[in-house]
Structure formats: C-alpha cells, structure tokens
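The values are calculated or read from the model by the stated rules, or taken from the named source; none is laboratory data. Because the structure is predicted, anything quoted here is derived from the model rather than measured. Because the Cβ atoms are built from the backbone with ideal geometry, glycine has one as well, and the counts that use them run over all protein chains shown.
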Amino acid sequence: MPIKRFIWLALLALTMLLIAACGATNTPAASQSAPADVFSLPKNAQGYVDISVDQLKSALAHKDFTMINVHIPYEGELPQTDAFIPYNEIEANMSQLPADKNARILLYCRSGRMSDEAAGNLVKLGYTNIVEVDGGMQAWQAAGDELITK
C-alpha cells in the first residue's frame, strides 16, 4: 500500500507542476533585460569596445555620446552623427573632440578598418570611453538601413 500512495503523490505533484508551468506568462520584463550600455562592455586588447550594428541601434535609442564618422573620403553617414573627423587626422583635430578624456565617444567608418585605427589612437591619447562599430556603414546598410548623404 505505501508504494501506491507514493505513486499517487508523485503523480499529483507532477500534475501540479504542469498546471503551474502552463499558467506561467512570459512577460517582456521577465524575458528581456534592458539593453546593455555599450560603453560598459568589456574592452578589447587595444583598450576600446567593439560593438555590432544591432548594439549601435540600441544605443542610438538613448544616445548619450559623441558619434564621429572617421571615414575618408566622405561617403555618407549614420543618423545622429555629431562630427566628421578623418581617421588619420584625429590628433590634429583635438579641438573637435570632447575635452573630458572620460567622455563617451563612438566611432565608425565605411568598413571598420579606419575606425579601428582611430579608436586605438584615441586610447593612446588618453581617452577611456571609446566604442567602435564593427563593419561600419557597410554593416549598417547590410542590416537594411540607409545612410544619410549631405
């Protein structure tokens, strides 16, 4: 008799678990966390953060950084771009950069090569919050988004 009672209790417990699981809702707050602050992501070996276009889109929704196009020659820009500084003239254009070396700066170019170089140079100049967009404008367009041309 104790085995039948054990089986009955086990079936009852399993039934209750199934009912509870079926009644659970998947609320957005429970299943999705807020987008990560791209400036708090781990830095690469060169001392800056590499992000994807999807991460950039999330960051643009609550933009709190200076966004700089470093591609030469000019071939367009992403929405909300604040400045155009050629990647190889970063040091000569320090007056266009935030004076605060802890300021948040996001760089991009056409493919990512020039912005990688510019990001490394800014780190060498003492800037501590640098983010670079992997794939740059090409990745932006590949994701179905358009460039702005002026």
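Listed here are the residues, each with its yes/no results for (1) within 21 Å of Leu125 (Cβ to Cβ); (2) at pLDDT below 95.
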position: Val49; (1), (2): yes, no
position: Ala61; (1), (2): no, yes
position: Ile68; (1), (2): yes, no
position: Pro73; (1), (2): no, no
position: Phe84; (1), (2): yes, no
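Selection of first residues in segment 52-74 that are more than 16 Å from Ser40 (Cα to Cα) and of second residues that are among the basic types (Lys, Arg) and in a loop (DSSP other than H, G, I, E, B), restricted to Cβ pairs under 7 Å at least 6 apart or on distinct chains, gives the following pairs, ordered by first then second residue: His71/Arg110. Pairs are defined by a Cβ separation below 6 Å, a sequence spacing of at least 6 or placement on different chains, a first member in segment 134-150 that is farther than 11 Å from Glu77 by Cα, and a second member that is at pLDDT below 95 and β-branched (Val, Ile, Thr); no pair meets this definition.
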